[in-house]
Every structure is written in structure tokens, then in C-alpha cells.
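Student: Can you read through this structure? Questions will come right after.
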Amino acid sequence: MRDTARDVERKQIEILRRMGPEGRLHAAIELSRTSRKLLLEGVQRRHPDYDERQLRLETIRLTLPKELFHTAYPEAGEKLP
């Protein structure tokens, strides 16, 4: 099942092509920033008692595979419930 009509998808592709590589990169960076901001806001709402470090670790934990997170941040087990 498609969530975007074919004519709309074609228009999106046309717009992206006109943006050029630099424009597409800028759009991707902004989308990434917005996604990270929304993720952090969600973590803050779910855990209002977390300090800055706990918020950062939880946000990172949600973006990495479990094994990689625990390898990169072995101390996180002590910081997050």
C-alpha cells in the first residue's frame, strides 16, 4: 500500500532534483535536526526527572542498536534506570 499518490511522488522528485545536491543536503540536515529535537522533547516529557546527562544518554540509546550503545556507553547502565 502506498502512502503517497504517484503524481505527488513525481512532483516531490522534481522538486528534489531542482534543489540540487547542496539543497538536498541542507534539507536532510534540517530534517535530522528536527528529528533529534522532537526525540529529545519526547524523552524530556517521559522522564521529567532526568538530568542533562541522562537525557543525552537516553536520546542516544534510542538511536543506536542496543549492543553498540552498551559498547560505546558502558557507564550508561548506572545513569539510566
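Student: Could you state the accessible area per residue of the chain in Å², with a 1.4 Å probe and every protein chain left in place?
Tutor: 84
Student: Let me ask something else. Against the longest alpha carbon principal axis of the chain, how many degrees, from 0 to 90 and to the nearest 10, is the axis of helix 52-63 turned?
Tutor: 50
Student: Calculate the radius of gyration of the Cα atoms of the chain to one decimal place, then report Dmax, the largest Cα-Cα distance, as a whole number, both in Å.
Tutor: In Å, with Rg to one decimal and Dmax whole: 18.1, 51.
Student: Across segment 18-34, in residue order, what do the Karplus-derived ³J(HN,Hα) couplings come to in whole Hz, using 6.51 cos²θ - 1.76 cosθ + 1.60 with θ = phi - 60° and x for Gly and Pro?
Tutor: With the stated coefficients, segment 18-34 comes to 5, 5, x, x, 5, x, 5, 5, 4, 4, 5, 5, 5, 5, 5, 4, 5 Hz.
Student: If you stretched the chain out fully between Leu16 and Leu39, how much longer would it get, using 0.36 nm times the residue separation minus the C-alpha to C-alpha distance?
Tutor: Once the chain is fully extended between Leu16 and Leu39, it gains 5.7 nm.
The values are calculated or read from the model by the stated rules, or taken from the named source; none is laboratory data. Computed from a prediction, not measured in an experiment: that's the story for all the values here. Quick note on the areas: whole protein, heavy atoms, side chains included, nothing else; ligands and nucleic acids left out. Shrake-Rupley method; radii C 1.70, N 1.55, O 1.52, S 1.80 Å.
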